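Just so it is clear, none of the values below were taken in a lab; they were calculated from the coordinates. Computed from a prediction, not measured in an experiment: that's the story for all the values here. With ideal geometry, Cβ positions are generated from the backbone for all residues, glycine too; neighbour counts draw on all protein chains shown.
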Ligand SMILES: Cc1ncc(C[n+]2csc(CCOP(=O)(O)OP(=O)(O)O)c2C)c(N)n1
Ligand code: SF4
């Protein structure tokens with residue numbers, strides 16, 4: 001069915017179609033309409049699930065952690081300070097290997113208070129062991145939620161599906177809502193290898209020693225480091241699994257084909273802009289404008305940010321002359337996190353002495369600062385004409401200081 | 001519901017705690033845990049935050065408990081219990097009990113918000129606070145429930161200046177179906193209260209007084225003796241709150257018939273954590289206890305918590 005709705009409703013429909021069984025919800029702008037919608041689905045009987053109106057985000061993730069440990073499909077959503085308040089629990093969910101799905105409706109973080117969009121919230125959770133997937137429009141939100149459950153349950157790693165607050169959450173766009181039966185055929189019910197059960201007791205997430213240790217029957221069990229190594233191994237494996245799931249989704253629904261990133265006009269591009277989220281669609285206009293002026297430019301939108309598909313991204317970018325990373329977040333004290341990751345991905349391309357593209361980094365749109373197309377256009381044009389910079393200096397766009 | 005009191009002869013023989021745990025010698029938590037698990041029975045899932053109980057439960061991959069147990073973050077015990085009850089409901093397994101076991105720090109301080117939230121929502125589980133009156137796992141620091149006057153690792157020279165936080169009253173104020181206080185020194189009373197709690201709806205709250213030899217400063221032989229003194233002096237009261245009515249129970253109820261309390265100084269003098277307490281301070285506390293108990297003696301059926 002084709003409908004016109006908000007991004008938050010697209011996410012809620014995705015959760016309903018995925019038959020999430022436990023939903024923990026705590027209000028925070030701009031996520032709130034998503035979990036409100038889910039409460040409506042459940043109260044009206046349209047959706048069968050337990051809705052837990054928790055008293056904090058820390059508890060929201062606790063509900064997801066415990067219900068997932070007991071074998072239920074769990075979902076929550078949050079933004080900004082709500083996500084930061086969960087931080088301890090986010091790490092716990094990944095370490096405990098629970099396939100929770102959480103929508104992060106991206107918003108800047110305090111202090112000072114801001115309710116507007118940037119990416120600092122989810123970027124600050126980059127190193128927690130979660131899968132992070134950024135989407136750019138409403139169709140990708142609803143499809144992304146369904147794929148996220150599939151992915152999480154296949155690799156037993158939680159997924160953050162990130163989309164821009166207001167720009168996507170509160171805007172209305174047309175999108176296709178998949179048939180429930182088609183989603184059921186794509187996404188089987190959650191069947192964990194182990195769920196808490198009195199018939200088959202286990203003590204989960206116990207204190208674990210620095211070294212490996214024998215169990216009561218004399219079998220060697222993992223130490224802390226082995227458990228964490230396996231998380232990393234499975235995250236790396238997730239890169240291939242994501243491609244497989246995207247392909248399966250494409251077969252079922254006819255949409256997909258870009259599991260890691262999406263490119264626009266990159267085939268012959270000498271200069272490629274890179275960004276996360278809806279900003280990359282904004283940059284398509286800029287690419288069209290610069291192309292009209294004769295610049296060979298393109299834009300890459302990174303979807304799968306953790307695990308980072310470094311090889312695929314480096315392959316796609318290595319042949320260009322320059323890369324311009326536009327970011328709505330910052331690793332304070334250094335540069336944009338995406339920019340660092342891209343440089344790091346390119347590193348091995350340069351060790352054989354091949355020519356490396358230069359990389360510029362623009363920080364923009366923090367706390368909802370307006371991103372003007374003309375500013376983007378000028379910045380990108382400047383990077384194309386200026387070429388490699390002598391220093392790694394961060395560039396700010398739209399700053400009025 | 002049966003009103004027959006359990007005796008040592010009728011206590012179920014099945015054990016859910018394996019022999020040999022990592023608790024300190026003489027720890028009363030081991031007793032309370034062993035007996036309470038008998039009352040819960042096999043069809044139970046436990047939730048445990050970091051605490052002495054985490055240590056008692058053993059180091060991966062060896063577990064001291066035969067019941068499934070979910071270790072969770074410090075502040076999240078009650079919310080995790082909610083998560084379990086929600087999942088069990090969603091999966092149609094509503095016959096499984098969910099029981100959270102947290103220390104007093106994990107209950108009265110960092111875990112209070114989640115506990116209050118779950119109580120207000122009416123989620124269906126039993127929350128047990130085992131109250132050893134301090135952060136013992138991290139080396140005996142003060143908690144909200146450490147009593148006034150007690151020396152701890154971070155009240156080393158003056159003792160704790162503030163009063164013990166009354167968490168059972170806070171929980172009773174939520175209007176939940178059951179609040180009870182117990183002591184590890186009276187395991188059969190504990191057993192019966194846990195049994196009763198398991199039959200009631202919503203959040204149930206049980207506070208268990210847990211004498212702790214290294215934290216309180218007494219010889220490992222004396223956990224039961226110290227626990228009993230707390231009750232016999234009238235300082236720690238055993239009671240139940242049902243339908244907003246509070247009634248003394250167990251050994252505390254018996255004190256009404258006896259009409260005699262052991263002087264509270266005996267309790268304080270049995271533990272080195274109270275060695276800074278002066279006679280005048282102890283006298284003041286004795287006066288408060290006496291005032292409370294005179295009311296109980298006068299109207300035994302109306303002994304609502306003050
Ligand atoms: C968020 C967080 N803060 C602090 C700690 C450190 N910590 C672990 S156990 C503990 C004390 C537990 O005290 P209590 O709940 O009273 O249980 P007890 O150890 O006394 O049995 C503390 C402070 C932690 N694990 N997590
Ligand atoms: S510190 Fe106290 S409560 Fe903790 S295990 Fe030792 S005796 Fe028991």
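I need the peptides A:197-208, A:86-97 ranked by packing, meaning the mean over residues of other C-beta atoms within 10 angstrom, with the highest value on top. Each step should come with its number before you reach the end.
Numbers: A:197-208: 16.6, A:86-97: 21.1.
Top of the packing list down: A:86-97, A:197-208.
Rounded, prolate or oblate for the stretch A:261-397? Axes are the square roots of the Cα gyration tensor eigenvalues, ordered a ≥ b ≥ c, and the cut-off for rounded is a/c under 1.5. It comes out rounded by the Cα gyration axes.
Scaled against the 2.2 N^0.38 Å expected of a compact globular protein of N residues, the Cα radius of gyration of the stretch B:202-252 reads 1.36. Express in whole angstrom the spacing between the alpha-carbon centres of the stretch A:261-336 and the stretch B:150-214. Taking the Cα centre of the stretch B:150-214 as reference, the centre of the stretch A:261-336 is 59 Å away.
Each Cα pair under 8 Å and six or more residues apart adds its sequence gap; the mean of these over the residue count of the stretch A:249-351 is a relative contact order of 31 percent. What's the angle, to the nearest 10 degrees (0 to 90), between helix A:138-155's Cα axis and the longest principal axis of chain A? Long axis of A:138-155 versus the principal axis of chain A: about 50 degrees.
Between the stretch A:12-43 and the stretch A:168-233, the alpha-carbon centres lie 22 Å apart. What share of the DSSP beta bridges in the stretch B:28-303 is antiparallel, in percent to the nearest 5? Around 25 percent of the beta bridges assigned by DSSP in the stretch B:28-303 are antiparallel ones.
For chain A, the longest principal axis of the alpha carbon atoms and the long axis of helix A:373-386 meet at an angle near 60°. Between A:175, A:271, A:253, the Gaussian network model of chain A with springs among Cα atoms under 10 angstrom shows the greatest mean-square fluctuation at A:253.
Summarising the overall dimensions of the stretch A:147-293 from its C-alpha atoms, the Rg and Dmax are 21.8, 73 angstrom.
Let me know the whole percent of all Cα-Cα pairs from the stretch A:2-186 that are separated by more than 19 Å. So the portion of pairs separated by more than 19 Å is 52 percent. Peptides A:209-215, B:205-211, ordered by how many other C-beta atoms sit within 10 Å of their residues on average, highest first, read B:205-211, A:209-215.
Considering only DSSP beta bridges where both residues belong to chain A, give the percentage that are antiparallel (nearest 5). Here the share of antiparallel DSSP bridges comes out near 25 percent.
Comparing B:92, B:105, B:202 in a Gaussian network model of chain B where C-alpha atoms under 10 Å apart are linked, the largest mean-square fluctuation is found at B:92.
Overall dimensions of the protein assembly as shown, expressed as equivalent-ellipsoid semi-axes from the Cα gyration tensor (√(5λ), whole Å, largest first), are 56, 26, 23.
When the Cα gyration tensor is reduced to axis lengths a ≥ b ≥ c, the ratio a/c is 1.5 or higher for the stretch A:1-109, and with a/b not above b/c it is classed as oblate. Peptide A:292-299 has a mean shielding of 0, counted as Cβ atoms of other protein chains within 10 Å of each residue's Cβ.
For the peptide A:207-216, the mean number of other protein chain Cβ atoms found within 10 angstrom of a residue's Cβ is 3. Here the protein assembly as shown carries DSSP beta bridges of which approximately 25% are antiparallel, counting only pairs with both residues inside. For chain A, relative contact order (Cα pairs under 8 Å, six or more residues apart, normalised by length) works out to 15 percent. Compared with the dominant Cα axis of chain A, that is its longest principal axis, helix A:32-43 is turned about 30°. Comparing Cα centroids, the stretch B:218-289 and the stretch B:80-140 end up 27 angstrom apart. Relative intensity of chain A on a log10 scale, I(q)/I(0) at q = 0.08 Å⁻¹, equals -0.43, per a Debye sum over C-alpha point scatterers of equal strength in the absence of solvent. Based on C-alpha pairs under 8 angstrom that are at least 6 apart in sequence, the stretch B:28-303 has a relative contact order of 17 percent.
Neighbouring Cβ atoms from other chains, within 10 Å of the Cβ of residues in B:90-97, number 4 on average. In the calculated pair-distance distribution of the stretch B:28-303, the portion above 24 angstrom amounts to 47 percent of the Cα-Cα pairs. Among A:107-113, B:71-77, B:188-194, B:153-159, the peptide with the highest mean count of other Cβ atoms within 10 Å heads the list, and the full ranking is B:71-77, B:188-194, A:107-113, B:153-159.
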